[in-house]
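Colleague: Handing you a structure now.
The values are calculated or read from the model by the stated rules, or taken from the named source; none is laboratory data. Nothing here was measured: the structure is a model prediction, and the numbers come from that model. Glycine also receives a Cβ, built like all others from the backbone with ideal geometry; neighbour counts cover every protein chain displayed. Areas reflect the complete protein model, heavy atoms only, side chains present, ligands, DNA and RNA absent. Shrake-Rupley method; radii C 1.70, N 1.55, O 1.52, S 1.80 Å.
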Amino acid sequence: MPLNPQNNLNLRPAHTALWAQYQSVRAATMAIVTGLSPEDCTAQSMPDASPVKWHLAHTTWFFETFILEPYEHNFSAFHTEFRVLFNSYYNAVGAKHARPERGLITRPGLETIVAYRKNVDARIRALLDDANVSSHVLQLLTLGCHHEQQHQELILTDLKHLLSRNPALPALRESWPLTPIAAREQGWINFSAGVVEIGSDGQGFCFDNELPRHRQFCEAFSIARYPVTYGEFADFIADGGYARPELWLSAGWEIVQREGWEHPLYWRRESADAPWQTFTLRGEIEIARDVPIAHVSYFEADAFARWAGARLPTEAEWETAAAGLPIVGHFADNGIFHPLATDVFEPSAHQPLHMFGDVWEWTQSSYLPYPGFRAASGAVGEYNGKFMINQMVLRGGSCATPQSHIRASYRNFFPTDTRWQFSGVRLARECR
Ligand SMILES: [Fe+2]
């Protein structure tokens, strides 16, 4: 084990870049949780969310279980009980602790989990020092880095939900950055009918669910220039959107009735005449009309689209519209953790804007395997394929996504009633 993990003299050139990526991803995770107390990191606000401490441990468990356990000489687990405690859903690995009870793991404490991270980091580095480490290990290491980036977003969204349940509405970051918000006029971008290709083109990393690249036929369609804004969604509410069953899918209307939904998650106002407030990771703020709407379920996105005389795009339409566009927008990297609309993107008459970052955009496509899909071999094959049922695809990344993690072919997926992610809306319609 090297005494100085920063010393790259022993590394082969091909391993140097990967080690740099690994270090950068691991450091970014710790930067997000800077300033949190052990109590902040231990509590769990709902069954779907996990404590910060669990995320810190699970991402480390991923490297230890899938790389060190099979490939480290004389492997010895950091702690034998971690194999079960921090297994998320990998049945091939064995038993796992129930997700709704992750908040009950008061021991090990945060200090031990931080030590676990450092221990695994050093052992991964030692593995990379071996010039003969296989390409399969390098691929798993790359997968582990992207896996951890996914959990960076989950740390932020789970933490936001946790903090929102505290009546004092504490903030993760105290100061609100002063960013100009510019009003924008909606518009439509037209695409003609034809056969399109979607899926990863093989340039750079992708998850197995982005493969294989394949053809689909799209009728002529229009896609909105910008995502739907908080202001437009407020108009939907003011027009009785949550009280009009004709706008809702049956299952959505059932949830509206059962849960008493009257607005997106994190909204509240003192009275019917008062302005809407929304909770953010920088505290509660008055909503700004021209900011992309976030924290709506698929059902709310779909009802809004129907109210607006439009629909949600299919994922083939979305990817066709996004192909070739620069990956620009507001991501987790700038630390705002709230969608914004600014003038940083030059308007173009021919391109949709703001496709990346700020808010994930619901599509009307079910999360299904692409034609010819094959899950990765081994236990990591459970990563994506087994969830291809009862979920919808979202595209584009959000203000909680690391910028280097997103691409046009990226497929996120969540159940139709999910609201705690930064999930928003972009409209589509038939060409007029
Ligand atoms: Fe995971």
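Colleague: Please verify whether E254 is more than 24 Å from the chain's Cα centre (by Cα), more than 20 Å from A308 (Cβ to Cβ) and not aromatic (F, W, Y), treating the condition exactly as stated.
Modeller: For E254, the condition - more than 24 Å from the chain's Cα centre (by Cα), more than 20 Å from A308 (Cβ to Cβ) and not aromatic (F, W, Y) - is met.
Colleague: Within the bounds of the range 167-190, is there any residue that is within 30 Å of Y22 (Cβ to Cβ), open to solvent by less than 40 Å² (accessible area, probe 1.4 Å) and of a type in the set (V, I, T)?
Modeller: Checked the range 167-190: no residue is within 30 Å of Y22 (Cβ to Cβ), open to solvent by less than 40 Å² (accessible area, probe 1.4 Å) and of a type in the set (V, I, T).
Colleague: When you go through E69, E64 one by one, which is the residue that is buried (at least 18 other Cβ atoms within 10 Å of the Cβ), within 22 Å of R123 (Cβ to Cβ) and of a type in the set (D, E)?
Modeller: E64
Colleague: State all residues of the range 360-374 that are out of contact with any helix residue (DSSP H, G or I) (no Cβ under 9 Å at 6 or more places or on another chain) and either outside any loop (DSSP other than H, G, I, E, B) or farther than 23 Å from S398 by Cβ (or both); if no residue qualifies, say none.
Modeller: W360, S366, P371, G372
Colleague: Exactly one of these conditions fails for F279: (1) closer than 20 Å to R306 by Cβ; (2) touching a Lys or Arg at 6+ places or on another chain (Cβ under 8 Å). Give me its number.
Modeller: (1)
Colleague: Taking the conditions exactly as written (open to solvent by 70 Å² or more (accessible area, probe 1.4 Å) and either in contact with a helix residue (DSSP H, G or I) (Cβ under 7 Å, 6 or more places away or on another chain) or not small (G, A, S) (or both)), does F233 satisfy them or not?
Modeller: Here the answer is no, as F233 does not meet what is asked.
Colleague: To continue, here is another question. What's the total number of residues in the range 44-61 that are open to solvent by 40 Å² or more (accessible area, probe 1.4 Å) and either touching a residue at least 60 places away in the same chain (Cβ under 8 Å) or out of contact with any helix residue (DSSP H, G or I) (no Cβ under 7 Å at 6 or more places or on another chain) (or both)?
Modeller: The total comes to 3.
Colleague: Can I ask one more? When the residues of the range 76-109 are filtered to those that are within 24 Å of the chain's Cα centre (by Cα) and either open to solvent by less than 40 Å² (accessible area, probe 1.4 Å) or of a type in the set (D, E) (or both), which remaining residue is nearest to the ligand (Cβ to nearest atom)?
Modeller: It comes out as S88.
Colleague: Identify, please: which residue in the range 43-58 is assigned to a loop (DSSP other than H, G, I, E, B) and not aliphatic (A, V, I, L, M) and is, among those, farthest from the ligand (Cβ to nearest atom)?
Modeller: If we take residues in the range 43-58 being assigned to a loop (DSSP other than H, G, I, E, B) and not aliphatic (A, V, I, L, M), then S45 is farthest from the ligand (Cβ to nearest atom).
Colleague: Quickly run through the range 186-211 and pick out the residues that are under 22 Å from the mean Cα position of the chain (by Cα) and not hydrophobic (A, V, I, L, M, F, W, C).
Modeller: G199, S200, D201, G202, Q203, G204, D208, N209, E210
Colleague: Within the range 267-297, which residues are open to solvent by less than 20 Å² (accessible area, probe 1.4 Å), in contact with a Phe, Trp or Tyr (Cβ under 6 Å, 6 or more places away or on another chain) and over 12 Å from F233 (Cα atoms)?
Modeller: Matches in the range 267-297: T278, F279, L281.
Colleague: Going residue by residue through the range 160-167, is there one that turns out to be touching a strand residue (DSSP E or B) at 6+ places or on another chain (Cβ under 7 Å), away from the ligand (no atom under 16 Å from the Cβ) and farther than 26 Å from A57 by Cα?
Modeller: no
Colleague: Would you confirm, using the coordinates I've provided, whether H146 is within 14 Å of the ligand (Cβ to nearest atom) and open to solvent by less than 40 Å² (accessible area, probe 1.4 Å)?
Modeller: yes
Colleague: Still on this structure, I have one more. Need the failing condition index for A20 against (1) more than 16 Å from the ligand (Cβ to nearest atom); (2) open to solvent by 70 Å² or more (accessible area, probe 1.4 Å), just the number.
Modeller: A20 satisfies all of (1) more than 16 Å from the ligand (Cβ to nearest atom); (2) open to solvent by 70 Å² or more (accessible area, probe 1.4 Å) except (2).
Colleague: Would you point out which residue out of V93, V114 is within 30 Å of P47 (Cβ to Cβ) and in a helix (DSSP H, G or I)?
Modeller: After applying the criteria, what remains is V114.
Colleague: Among the residues of the range 321-341, is any closer than 26 Å to V195 by Cβ, open to solvent by less than 10 Å² (accessible area, probe 1.4 Å) and in a helix (DSSP H, G or I)?
Modeller: Looking through the range 321-341, at least one residue is closer than 26 Å to V195 by Cβ, open to solvent by less than 10 Å² (accessible area, probe 1.4 Å) and in a helix (DSSP H, G or I).
Colleague: While we're here: Contact list please: Cβ distance under 8 Å, first residue in the range 311-335 and free of Cβ contacts under 8 Å to residues at least 60 places away in the same chain, second residue hydroxyl-bearing (S, T, Y) and buried (at least 20 other Cβ atoms within 10 Å of the Cβ), pairs at least six apart or on different chains.
Modeller: Within 8 Å, no pair qualifies.
Colleague: Residues in the range 59-85 that are in a loop (DSSP other than H, G, I, E, B) and of a type in the set (S, T, Y): how many?
Modeller: Residues that pass the stated criteria total 2.
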